[in-house]
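Peer 1: Let me give you the structure first, and then I'll get to my questions.
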């Protein structure tokens, strides 16, 4: 599991006005929370945070906080990161403090390997779930979940119960949902035609 250090500062004041001043000073307002602790308001430099999570694990990188006495040495993961809709600059962030000895929930990206037989026959590979939830120890989170699609023909589907993960991890699910499928061009065209028919029907109803 990837690990990084993250320098932060604590802040006593909170609120929209304080947050605006922090962003104007080039800092990102953030909060650290977790089981058995009171939330702690902090601030972090955007570049520092970006560098800390620029590992293969991304948001699942274990971040050891530095520079803030109340939470010095605490291990956290990035849970939320709000970006400005236009400038894409960091607006605020949430960090979740974790216990390295207890299992927790993480979202891990799905990565396909190989080229499916269906694609070679003219079909299209569709990844329905780009991330999957897993439960494991923080130190055992895989960087990705690999799925070999080489043998998939047009019409084949990979369900969550067919996905393999390391022994120390679990895939929680209540419904056996679709993760990957291979469709033919005919199926795609029929989908478009069906949508068109629905639009026409809706328009006729409005004019009646």
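Peer 1: Right, residue 158: within 30 Å of residue 37 (Cα to Cα), outside the structural domain of residue 15 (by TED's automatic domain parsing) and not in a loop (DSSP other than H, G, I, E, B) or not?
Peer 2: no
Peer 1: May I pose another question? With the condition kept exactly as written, say whether any residue in region 65-73 is buried (at least 18 other Cβ atoms within 10 Å of the Cβ), on the phi < 0 side of the Ramachandran plot, part of a strand (DSSP E or B) and modelled with pLDDT of 95 or more.
Peer 2: yes
Peer 1: Tell me which residues, restricted to region 100-126, are out of contact with any helix residue (DSSP H, G or I) (no Cβ under 7 Å at 6 or more places or on another chain), loosely packed, with under 15 Cβ neighbours inside 10 Å and over 21 Å from residue 168 (Cβ atoms).
Peer 2: 113, 114, 115, 120, 121, 126
Peer 1: Of everything in region 31-64, what is part of a strand (DSSP E or B) and surrounded by 14 or more Cβ atoms within 10 Å (Cβ to Cβ)? Give them in sequence order.
Peer 2: Passing the criteria: 31, 32, 33, 34, 40, 41, 42, 43, 44, 62, 63, 64.
Peer 1: In this structure, does residue 111 turn out to be touching a strand residue (DSSP E or B) at 6+ places or on another chain (Cβ under 8 Å), in contact (Cβ under 8 Å) with a residue 12 or more places away in the chain and not assigned by TED's automatic domain parsing to the domain that holds residue 59?
Peer 2: Judged against the criteria, residue 111 is a match.
Peer 1: Going through region 133-178 one residue at a time, which ones are within 19 Å of residue 1 (Cα to Cα) and out of contact with any strand residue (DSSP E or B) (no Cβ under 9 Å at 6 or more places or on another chain)?
Peer 2: Result: 140, 167.
The values are calculated or read from the model by the stated rules, or taken from the named source; none is laboratory data. Please read these numbers as outputs of a predicted model, since none were measured by experiment. Every residue, glycine among them, receives a Cβ derived from its backbone with ideal geometry; neighbour counts consider all protein chains shown.
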